[in-house]
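Participant: Below is one structure. I have some questions about it.
The values are calculated or read from the model by the stated rules, or taken from the named source; none is laboratory data. Every value quoted in this text rests on a predicted model; they were computed, and no experiment measured them. Here the Cβ is made from the backbone with ideal geometry for all residues, glycine too, and neighbour counts use every protein chain on show.
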Amino acid sequence: MKIRNSTLLLIALLCGLTPLHSQPTMTLSEALALGLERNYGIRIAANEARIPALTNSLGEAGFLPTLTAGAGADRIQSDIEFFEDDQSQGKGSALEFVYDAELALSWTLFDGFQMFTNKKHLHLLEEMGSTKAQITIENIVSDITNAYLEVVGLTRRLEASKNNLEISQERERIARTKLDLGSGSEYDLLVAQTDLNADRSAIIRQEADLLSARLELFRLLQLEADNNWVITGDIDTSNMQTLNELRKEVAENNPELAAARLQSSAKTLELRKIQQSRLPTVEARAALFYNSEELRASPLTRENNTGYYLGLGARLPLFDGFAKKRAAATARIEMENSQLQQEELSAAIDMHLIKTWENYQNSRQLYHLENQNLELANRTLTIALERFRLANITSIELREAQRSLINTENRLIDALFETKIYETELRRLSGSLHELISTNQ
């Protein structure tokens, strides 16, 4: 099954990406590899997927015979009173020992084809377990990716704020120098100091936000809170397929749709089993037995029996109070509901895909636009700082150029990481998260 192969490929890709703990930085691929190896949710899902795989067997389906062995030994003490013509002739006692053993074989030869339906149902349960594990894996991979992007985004915001702080420090230095030389005013210096303190305050808040984001990422990766990983990965955006191509991949590979299809098939099999239970059941029986009875009385008697028996048995349900009829009607309703739920889920996923695709395209356009704006904002600030040194502009005008640059940088970071988040969601919907991993190796 293609969806299951995708799961195995995803696991293989992730497991092959062992992080190098000697390196001070953590890439996205290394974070995902750590998450797959250590995340409790993934490990639990993998174990749960093993359970239906273990039960998917011929014996569980009812194809194989059952063989039982039994043995017993009994000691029986009896008090005996003898009568003749209703007159008691005396009393005595008897001691009896009974030994028995049996080896019995029972084999259902025909049960209305229910055993074949059971085997198909067990196979469906195994696929559903694998699909459920894939859903868990892909959701956690998506969570780790988004948490990683949050850390990288906040790191870049902090770097931009620190660069802005350096400009504010230079601005405060220039204002102080001008005041000392008599060409400036105390007002300009006070405004520069206030803005400098505001920039320092913003950095403190961003450092707190960054620490919180790092802790969330480390929680997903099951790392210690004081881990010294340096997360400064470069995130590249890649061109996605067209919307029609994504729709096709979603229909083929989306694990939630696959789970809905499997659930619908399971309901169909449940109805079939109810219908098959109306047919006769044929069973073969065979046994070897041994029985020994020893009565220690007067006279002493002993009896030994050994032998075997072979037989066939058949059962045909004739009337059960219309229980099977009611069960079949209920199963038909459940089967219809599962099909409706599958159609509803398909429509919801398609709508979510379209919305995510549009957001992805808009974010890419914003990213390219803000890249151009960043070049303009950098040039504007360079000119403004030089003109401020020459006293051609006021402190307020320089501050406005600073704000323009920091806002542009933040918008660029937002656009970049929103693009990557939407890309991750598109890949999750289409069952192609392994491609996201390979592009960040």
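Participant: Can you pull out every residue in the range 127-148 that is of a type in the set (Asp, Glu) and buried (at least 20 other Cβ atoms within 10 Å of the Cβ)?
Facilitator: Matches in the range 127-148: 127, 138.
Participant: If you don't mind, there's one more thing I want to ask. Does residue 51 satisfy the condition of being on the phi < 0 side of the Ramachandran plot and modelled with pLDDT of 90 or more? Give the derivation first.
Facilitator: Values: on the phi < 0 side of the Ramachandran plot: yes; modelled with pLDDT of 90 or more: yes.
Yes, satisfied.
Participant: Quickly run through the range 310-358 and pick out the residues that are more than 24 Å from residue 255 (Cα to Cα), in a helix (DSSP H, G or I) and touching a residue at least 40 places away in the same chain (Cβ under 8 Å). Spell out the reasoning first.
Facilitator: First pass over the range 310-358, keeping only residues more than 24 Å from residue 255 (Cα to Cα): 310-333.
When the remaining residues are screened for being in a helix (DSSP H, G or I), the result is 323-333.
Matches in the range 310-358: 324, 327, 328, 331, 332.
Participant: If we keep just the residues of the range 1-45 that are surrounded by fewer than 16 Cβ atoms within 10 Å (Cβ to Cβ) and of a type in the set (Gly, Ala, Ser), which is modelled with the lowest pLDDT?
Facilitator: Here the residue is 16.
Participant: Still on this structure, I have one more. For the range 242-293, which positions are part of a loop (DSSP other than H, G, I, E, B), under 31 Å from the mean Cα position of the chain (by Cα) and in contact (Cβ under 8 Å) with a residue 24 or more places away in the chain? Let's see the steps before the verdict.
Facilitator: We begin by selecting, within the range 242-293, every residue part of a loop (DSSP other than H, G, I, E, B); these are 242, 254, 277-280.
If we keep only those that are under 31 Å from the mean Cα position of the chain (by Cα) as well, we get 242, 254.
Within the range 242-293, 254 is the sole residue that qualifies.
Participant: Being buried (at least 18 other Cβ atoms within 10 Å of the Cβ), among the basic types (Lys, Arg) and assigned by TED's automatic domain parsing to the domain that holds residue 53: is that true of residue 176 here? Please lay out each step first, then the result.
Facilitator: Values: buried (at least 18 other Cβ atoms within 10 Å of the Cβ): no; among the basic types (Lys, Arg): yes; assigned by TED's automatic domain parsing to the domain that holds residue 53: yes.
It is false that residue 176 is buried (at least 18 other Cβ atoms within 10 Å of the Cβ), among the basic types (Lys, Arg) and assigned by TED's automatic domain parsing to the domain that holds residue 53.
The rows are residues; the columns are (1) in the same structural domain as residue 129 (by TED's automatic domain parsing); (2) modelled with pLDDT under 90; (3) within 18 Å of residue 423 (Cα to Cα); (4) touching a Ser or Thr at 6+ places or on another chain (Cβ under 7 Å).
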site: 194; (1), (2), (3), (4): yes, no, no, no
site: 209; (1), (2), (3), (4): yes, no, no, no
site: 223; (1), (2), (3), (4): yes, yes, no, no
site: 239; (1), (2), (3), (4): yes, yes, yes, no
site: 249; (1), (2), (3), (4): yes, no, yes, yes
site: 260; (1), (2), (3), (4): yes, no, no, no
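Participant: In the range 375-397, how many are crowded, with 16+ Cβ neighbours inside 10 Å, of a type outside the set (Ser, Thr, Tyr) and in a helix (DSSP H, G or I)?
Facilitator: Of the residues in the range 375-397, 5 are crowded, with 16+ Cβ neighbours inside 10 Å, of a type outside the set (Ser, Thr, Tyr) and in a helix (DSSP H, G or I).
Participant: Follow-up question, since we're still on this one. Go over the candidates 320, 350 one by one and state the one that is surrounded by 13 or more Cβ atoms within 10 Å (Cβ to Cβ) and either farther than 26 Å from residue 165 by Cα or out of contact with any helix residue (DSSP H, G or I) (no Cβ under 8 Å at 6 or more places or on another chain) (or both).
Facilitator: Values: 320 fails: surrounded by 13 or more Cβ atoms within 10 Å (Cβ to Cβ).
Exactly one residue qualifies, and that residue is 350.
Participant: Just a yes or no: is a residue in the range 374-394 touching a residue at least 60 places away in the same chain (Cβ under 8 Å) and closer than 30 Å to residue 266 by Cα? Let's see the steps before the verdict.
Facilitator: Initially, the range 374-394 is screened for residues touching a residue at least 60 places away in the same chain (Cβ under 8 Å), giving 381, 385, 388-389, 391, 394.
Subset that is closer than 30 Å to residue 266 by Cα: none.
No: zero hits.
Participant: Could I ask something else about it? Name the single residue that is modelled with the highest pLDDT among those in the range 277-304 being polar (S, T, N, Q) and surrounded by fewer than 16 Cβ atoms within 10 Å (Cβ to Cβ).
Facilitator: Just the residues of the range 277-304 that are polar (S, T, N, Q), to begin with: 277, 281, 291-292, 298, 301, 304.
Now narrow it down to the ones that are surrounded by fewer than 16 Cβ atoms within 10 Å (Cβ to Cβ): 291-292, 298, 301, 304.
On the way: 291: 87, 292: 84, 298: 54, 301: 71, 304: 82.
Step by step, filter the range 277-304, then rank; the result is 291.
This table checks each residue for (1) free of Cβ contacts under 8 Å to residues at least 40 places away in the same chain; (2) part of a loop (DSSP other than H, G, I, E, B); (3) closer than 30 Å to residue 387 by Cα.
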{"position": "164", "(1), (2), (3)": "no, no, yes"}
{"position": "170", "(1), (2), (3)": "no, no, yes"}
{"position": "187", "(1), (2), (3)": "yes, no, yes"}
{"position": "228", "(1), (2), (3)": "no, yes, no"}
{"position": "240", "(1), (2), (3)": "no, yes, no"}
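Participant: Oh, and also: Consider residue 93 against the criteria (1) at pLDDT below 90; (2) within 30 Å of residue 270 (Cα to Cα): it satisfies all of them except one. Which criterion is unmet?
Facilitator: (2)
Participant: Okay, next question. Mind listing whichever residues of the range 97-155 are without any contact (Cβ under 8 Å) to a residue 60 or more places away in the chain and within 24 Å of residue 312 (Cα to Cα)? Give the steps one after another, and end with the answer.
Facilitator: Let us first name the residues in the range 97-155 that are without any contact (Cβ under 8 Å) to a residue 60 or more places away in the chain, namely 115-116, 154.
Across the range 97-155, the qualifying residues are 115, 116.
Participant: Here's something else I'd like to know. If we scan the range 372-384, do we find a residue that is in the same structural domain as residue 255 (by TED's automatic domain parsing), of a type in the set (D, E, K, R) and in contact with a helix residue (DSSP H, G or I) (Cβ under 9 Å, 6 or more places away or on another chain)? If you could, list the steps in order and put the result at the bottom.
Facilitator: Residues of the range 372-384 in the same structural domain as residue 255 (by TED's automatic domain parsing): 372-384.
Keeping just the survivors that are of a type in the set (D, E, K, R) gives 375, 379.
Now drop any that are not in contact with a helix residue (DSSP H, G or I) (Cβ under 9 Å, 6 or more places away or on another chain), which leaves none.
Scanning the range 372-384, I find no residue that is in the same structural domain as residue 255 (by TED's automatic domain parsing), of a type in the set (D, E, K, R) and in contact with a helix residue (DSSP H, G or I) (Cβ under 9 Å, 6 or more places away or on another chain), so the answer is no.
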